Structures are given as C-alpha cells and as structure tokens.
Amino acid sequence: MPASFRLLQPADLRPRNTFGVAASARRLVEVDDIAALPQALQSLGGTRPLVMGGGSNLLFAGDADDVLAIADTRRSVVSDDGERVVVRAAAGADWHGFVLWTLAQDLGGLENLALIPGTVGAAPIQNIGAYGVEVGERVVAVEAFDQDTGRVVRLDAAACGFAYRDSVFKRAPERWIVTAVEFELQRFAAPVLDYAGLRGTLAARGIDDPRPLDVAEAVIDIRRSKLPDPAVIGNAGSFFKNPIVPAAQAAALVAAHAGIPVFAVDAGLRKLSAAWLIDRCGWKGHRDGDAGVAAGHALVLVNHGDARGDELLGLARRIAASVQMRFGVGLEPEPRIVGARW
Ligand code: EPU
C-alpha cells in the first residue's frame, strides 16, 4: 500500500501561508488519506500539532513546532432528492474549487462564498462569511477527529456552535481536526442578494433572474475590485473582525461621528465596520517597510515583500491602539496568530 502520509522535517512554511512571511515548522506531516490520520499523529509521538489548511487565515509571528496538513481532497454527492442535494468534501479540498464544482451542477447555496481562499476543512472553523451568507447556514455536519478521545465524531450544525467568524472548533483548536464537511444545497433556492453592491453588479451585467453561477460571478467581480489577490500581494483577507458593541455605545458613536456604519445584530447589540474605523484613523495604504495596509481596503494587512510576521503584528497592534484611542472600540484579529499572543 502506498504511504498515505508524509513527514517533512523541517518544513518551509513560507509557501504555505498567504501572507508569504518566512517561517518554518520543526516537523510537518501531510495526510493524503484521512484514514491514515491516527497513524500520522502517532508519527509525531503524541504531540498535538498546529493544523493548517490553505494558510490563508494564519499569521506566523514566529516558527511553528509540529504542523499537520490534510491533503485529502475527495468530494461527492451524498444524496439528491431532486431539490435538496447533500454534498461532501474532505478537509483538504480547495474551497473555491469546491464551490465551482457545486455551481457546475447548478446547485445553489455557496455562490456568495466564491473566491474565498483556503480549504473546505478551514471553512467551518472560522465560519467563513461573505455577501450576506455564512457557511454555517449551509453545513449539515462536520466530521472531526477529537484529539481528546482519539475518535472521529460527526457534529451536526447545532453542535458546531457557529457564530460570527467563530465555532466550537475555533474555540478549542487543540482538540479538533476537521476531516470532512457536508453541506445541504438547493436546486431552486432564492438567491441572497441583499449585500450592498450585489444587485447593482448583477443589474450592470443585465441579469435580473440570476442563477447561482451568475451570483458567484458578481461576487468574484466585487472581491477582485476590493480585495488584494494573495497570489500577487501577501495577505490574509480581513485582519480584524467587525466589532460587536452594545446598542447604547453604537448610538453614542453615531451621535459623535457622522456617517459611521452600524448594522443591527439583535435588540441589544450592533456591529460596526472595522474597515471604516481604521480608514478614519488614516491607515489605508499606510506602509512601514514591507508591512502595510492595502490601498484598496483598510481591513486588509499586506506584505509588500519581506515583512516578518512580528512586523505585521506590530502594525496591527498600532492600528488597534489608534482605533481604541479615537473611538473607544477594541479590535480583535480574525486570523489565528502563531508564536505570539494578541
Ligand atoms: N469601508 C471603509 N473603508 C475601506 C473599506 C470599507 O470605510 O477601506 C467601509 C464602507 O463603509 C463599507 C464597509 O466598510 O460599506 C464594509 O466594507 P465591506 O463591504 O468591504 O465589508 P467588511 O465588513 O469590511 C466583511 C468581511 C469580509 C467579506 C465582506 C463582504 C469581516 C471581518 N470581513 O468585510 O470577509 O468579504 O464583509 O461580505 O467580517 C474576511 O473575513 O477575510 C473577509 C474578506
């Protein structure tokens, strides 16, 4: 039988993180077949590795010790009743490639999440979201290896504890290794078009009754116009989460700062736009050496070439401190930071 995992020691992590910062792992085990996961973990002698997907939501502020990457990319249709279709993909499948595969079958549900970098396995961990849809709304179940018990378990969507850019997996990263995800998609679902700009982009293309692929193409256009391509300039998408504050604090901010965007979360909470707050503090396009803020979007930190992870982290801290000072609002990073604490 061919080996179904590989051990590299050491491993260069620079090509494996979309920030493109220099870092290495003492050991890296890459698992081609999820069935080999227990053996692969044993090869590390029982230490709990850092689990990596596409490296698109990570900042290496230092080197890593043991790293595990799942390279199993299999995907399949689990069931199809003519309307609702359950599809499944192993954790290592490329997210955007998987979305395109569902769209090629004219299945609706993931089109608003087109072009997000990363893997299927990473998607539920931070509950990726864009243009009015969060992936947790489409998840039927996540299969994950529980390092506390050594067993693979199946968690239904409720057990995943999805919240804004959050889940049980993100809250206990030492415990869970996501191995596969199942999604419920629809053949005739109404598209979600409420996010600013989406209807306009479709109208400009002369489309008034969009299929899922049309929506994805509009989303891809909007993303390309706003967000820097990690293949061209290193970045990890939004570096900060949009802060959620009590409604009274949001009302005070609206009174003090004309034009501040505020979004309702529930009766007592409001979501603010981190990009707007950072922009108003003058950071858009700012550059300290090779660490910078994208010229087109204030929420995205970029590596202009050889920025180190700790330099990007230092810039992020200065940005957060200035937002705290001017608006009294704390910012939390969205990517996982390795080798330092926020
Ligand atoms: N804005 C500015 N300056 C900027 C950019 C934006 O003032 O440089 C203001 C504008 O008022 C704009 C508002 O911020 O209306 C919101 O901007 P945008 O629509 O780009 O959305 P976002 O809140 O910055 C979030 C997600 C993105 C996702 C988009 C679209 C988070 C942290 N980010 O960004 O997700 O693509 O909405 O749904 O929730 C990611 O998580 O990595 C990511 C890119």
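At a glance:
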quantity	calculated
Mean Kyte hydropathy of -0.5 or more with a Cα span along the axis of at least 20 Å, helices from DSSP in the chain	212-226, 309-327
For residue 71, distant residues with modelled amide H under 5 Å away	31, 32
Ellipticity estimate at 222 nm from DSSP helix runs (n ≥ 4, -39,500 (n - 2.57)) divided over the chain, nearest 500	-6500 deg cm²/dmol
Of 20, 152, 246, farthest towards positive along the dipole that unit charges on Lys, Arg, Asp, Glu beta carbons give the chain	246
Other-chain or far-sequence residues with amide H under 5 Å of residue 180's (modelled H)	91, 143
Phi-based couplings in Hz for region 194-211 (Karplus 6.51, -1.76, 1.60; Gly and Pro marked x)	7, 5, 3, x, 6, 4, x, 5, 5, 4, 4, 8, x, 10, 10, 10, x, 7
³J(HN,Hα), Karplus 6.51/-1.76/1.60, whole Hz, each residue of region 155-162, x for Gly, Pro	10, 6, 4, 5, 6, 6, x, 5
Residue (of 200, 181, 330) at the positive-pole extreme of the chain, dipole from beta-carbon charges	330
For residue 185, distant residues with modelled amide H under 5 Å away	85, 86, 87
From phi via Karplus (6.51, -1.76, 1.60), per-residue ³J(HN,Hα) for region 135-144 in Hz, x at Gly/Pro	4, x, 5, 10, 7, 8, 7, 10, 9, 8
Gyration tensor (alpha-carbon) shape descriptor, the chain, a/c threshold 1.5	oblate
Unit charges on C-beta of K, R, D, E only; dipole of the chain, Debye	940 debye
Rounded if a/c under 1.5, otherwise prolate or oblate - region 219-334, Cα gyration tensor axes	prolate
Only Lys, Arg (+1) and Asp, Glu (-1) charged, at Cβ; region 234-338 dipole about Cα centre in debye	260 debye
Charge-dipole axis of the chain as Lys and Arg at +1 and Asp and Glu at -1 on Cβ define it, positive-most pick from 281, 122, 37	281
Region 32-103 - Rg and Dmax from Cα coordinates, angstrom	15.7, 50
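Values quoted throughout were computed directly from the atomic coordinates according to the rules given, and no laboratory measurement underlies them. Just so we're clear, the structure is a prediction, and the values are computed from it rather than from any experiment. No Cβ is skipped: glycine too gets one built from the backbone with ideal geometry, and neighbour counts run over all protein chains shown.
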